[in-house]
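Okay, so here's the structure we're looking at.
The values are calculated or read from the model by the stated rules, or taken from the named source; none is laboratory data. No experiment lies behind these values; they were computed from the predicted model shown. Please note: Cβ atoms are built from the backbone with ideal geometry, for glycine as well, and neighbour counts cover all protein chains shown.
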Amino acid sequence: MGARVSLHEPRRAFAFTDGDKGSLERSASGGAFAALARQVLREGGIVFGAAAEDDGLVHQISIRSAEDLSRLQGSKYVWSRPEGTFTECVEYLKEGRTVLYTGTPCQIAGVRSCVEKSELTEEQKGNLVTCDLICHGTPRNELYQAYIAWLSKRHDADDGIHSYRFRTKEYGWGLYYYYYYYFRNGTKHEVRGGAGDDPYYFAFSRAAIYRHACYQCRYARKERMGDLTLGDYWGVRKNTPEAYDPKGVSAVIVNTHKGEDLLLKAADGCSITEVPYEKISEQQTNLNRPSRRSMEDEEIAKQIELRLKSGNTDDIFDRLLPIDQGRNARLRRMLPPFLLKIIYRLRSNA
Ligand SMILES: Cc1cc2nc3c(=O)[nH]c(=O)nc-3n(C[C@H](O)[C@H](O)[C@H](O)COP(=O)(O)OP(=O)(O)OC[C@H]3O[C@@H](n4cnc5c(N)ncnc54)[C@H](O)[C@@H]3O)c2cc1C
């Protein structure tokens, strides 16, 4: 049994954009995570987060140097396996190190519970800072692995799919564009597309393929597990236009004094503006309730489970999961990339 850990009431909220423009480009949102991580690493601490590996799986890993930070940047739209990271975290705290553990709220509940029931002193426990994400939900890692294998087969790739990224900013922030590359007969091929052009990503976006528990998530609420909560500040252009940056604006919710201390230190050289909590929460369903899916997607999810059990996984992406056939999506697919880029650039700067 894990130790019970309490939720925190949000105290303050901020719009945040990283001052390091190179780092901002690698972040899904406004780069708040990277700024927080750099601060902890500068002070000799350890940072835990999600990394996508070439084995087609996403794992929670620890880093101790800013050179490895890019491995944790960007959103991976799949459950990230915590494996032994909760006990690893306890070991670092025992050494007197500061640890920043970032992840979904359920992962933060797990690590806090593990630290709470450990034999660490209160002072050592106090060196853990946690940061949760505003989370839609996460698909099973087995599904993501099957998807990467399907892509590899479909492209007849020499040695799998490399560097899959769900949210590149090539077309701007918030436009869900993926990128990956592969080799065929030794020649590199790069692939880019919008969320609606891909069966896995389109299903993720409409909340069709999360793990069962995500639809009853007890952490999809205002009170938070983390000392800090990160998400996208979607309403920024309307609510806080002075904080808008076309390369991304994070919503940072401060839930504890410890989180506030870290954020204010990390904000040096970054753009930070305090905003009322409601300005952020009004655009964020998952700060109020778990995601929902349609009856039709419920049925598709059952079929996916059967395919995963039988090993007939190509069928999931060839037949069960459609791509977006809406008018806008079809129109967008017809436009050449350079024109699309111009349209999006004009829109994000308007
Ligand atoms: C599955 C998922 C669903 C999300 N849903 C929403 C949402 O509904 N609304 C919203 O505003 N924001 C959502 N986010 C958060 C958002 O996409 C950004 O991750 C967040 O704003 C941080 O962005 P950043 O620019 O600060 O840092 P980035 O560099 O983009 O984020 C990196 C951070 O995200 C963590 N991370 C990435 N993928 C995972 C994963 N699979 N599991 C655990 N941790 C992960 C990394 O460990 C690191 O801490 C979601 C993120 C994920 C992973």
Residue in segment 98-105 that is more than 22 Å from Ala28 (Cβ to Cβ) and either within 11 Å of the ligand (Cβ to nearest atom) or over 20 Å from the mean Cα position of the chain (by Cα) (or both) present: yes
Leading residue by the ranking (farthest from Pro105 (Cα to Cα)) among those in segment 1-18 that are within 13 Å of the ligand (Cβ to nearest atom) and either touching an Asp or Glu at 6+ places or on another chain (Cβ under 8 Å) or part of a strand (DSSP E or B) (or both): Thr17
Segment 39-56, subset touching a strand residue (DSSP E or B) at 6+ places or on another chain (Cβ under 7 Å) and part of a loop (DSSP other than H, G, I, E, B), residue farthest from the ligand (Cβ to nearest atom): Asp54
Sole residue being buried (at least 21 other Cβ atoms within 10 Å of the Cβ), away from the ligand (no atom under 15 Å from the Cβ), part of a helix (DSSP H, G or I) and of a type outside the set (Phe, Trp, Tyr), chosen from Leu36, Leu93: Leu93
Residue that is farthest from the ligand (Cβ to nearest atom), among those in segment 64-82 that are in contact with a strand residue (DSSP E or B) (Cβ under 6 Å, 6 or more places away or on another chain) and free of Cβ contacts under 8 Å to residues at least 40 places away in the same chain: Arg64
Residue ID - farthest from Arg206 (Cα to Cα), chosen from residues in segment 304-322 that are modelled with pLDDT of 95 or more and assigned to a loop (DSSP other than H, G, I, E, B): Thr313
Selected residue [closer than 20 Å to Arg140 by Cα, under 16 Å from the mean Cα position of the chain (by Cα) and part of a loop (DSSP other than H, G, I, E, B)] from Tyr210, Tyr201: Tyr210
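Yes or no, residue by residue, for (1) assigned to a helix (DSSP H, G or I); (2) without any contact (Cβ under 8 Å) to a residue 60 or more places away in the chain; (3) under 17 Å from the mean Cα position of the chain (by Cα):
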residue: Leu175; (1), (2), (3): no, no, yes
residue: Tyr178; (1), (2), (3): no, yes, yes
residue: Val191; (1), (2), (3): no, yes, no
residue: Lys238; (1), (2), (3): yes, yes, no
residue: Ala251; (1), (2), (3): no, no, yes
residue: Asp261; (1), (2), (3): yes, yes, no
residue: Leu264; (1), (2), (3): yes, yes, no
residue: Glu274; (1), (2), (3): no, no, no
Flag for Ser29 being among the polar types (S, T, N, Q) and within 9 Å of the ligand (Cβ to nearest atom): yes
In segment 11-33, residue nearest to the chain's Cα centre (by Cα) [restricted to those that are surrounded by fewer than 18 Cβ atoms within 10 Å (Cβ to Cβ) and in contact (Cβ under 8 Å) with a residue 24 or more places away in the chain]: Glu25
Meets criteria (part of a helix (DSSP H, G or I), modelled with pLDDT of 95 or more and not assigned by TED's automatic domain parsing to the domain that holds Thr104) for Tyr215: yes
Any hit, segment 129-143, residues being among the β-branched types (Val, Ile, Thr), surrounded by fewer than 19 Cβ atoms within 10 Å (Cβ to Cβ), in a loop (DSSP other than H, G, I, E, B) and assigned by TED's automatic domain parsing to the domain that holds Val90: no
Matching residues in segment 240-249 - criterion: being within 14 Å of the ligand (Cβ to nearest atom) and either outside any loop (DSSP other than H, G, I, E, B) or within 25 Å of Thr130 (Cα to Cα) (or both): Gly248, Val249
Of residues in segment 206-234 being among the hydroxyl-bearing types (Ser, Thr, Tyr) and more than 10 Å from the ligand (Cβ to nearest atom), the one surrounded by the fewest Cβ atoms within 10 Å (Cβ to Cβ): Tyr215
Residue satisfying condition, being among the charged types (D, E, K, R), closer than 22 Å to Arg218 by Cβ, modelled with pLDDT of 95 or more and not assigned by TED's automatic domain parsing to the domain that holds Ala203, within set Lys94, Lys117: Lys117
Residue match in segment 283-300 (condition: in contact (Cβ under 8 Å) with a residue 60 or more places away in the chain and more than 23 Å from Gly137 (Cα to Cα)): no
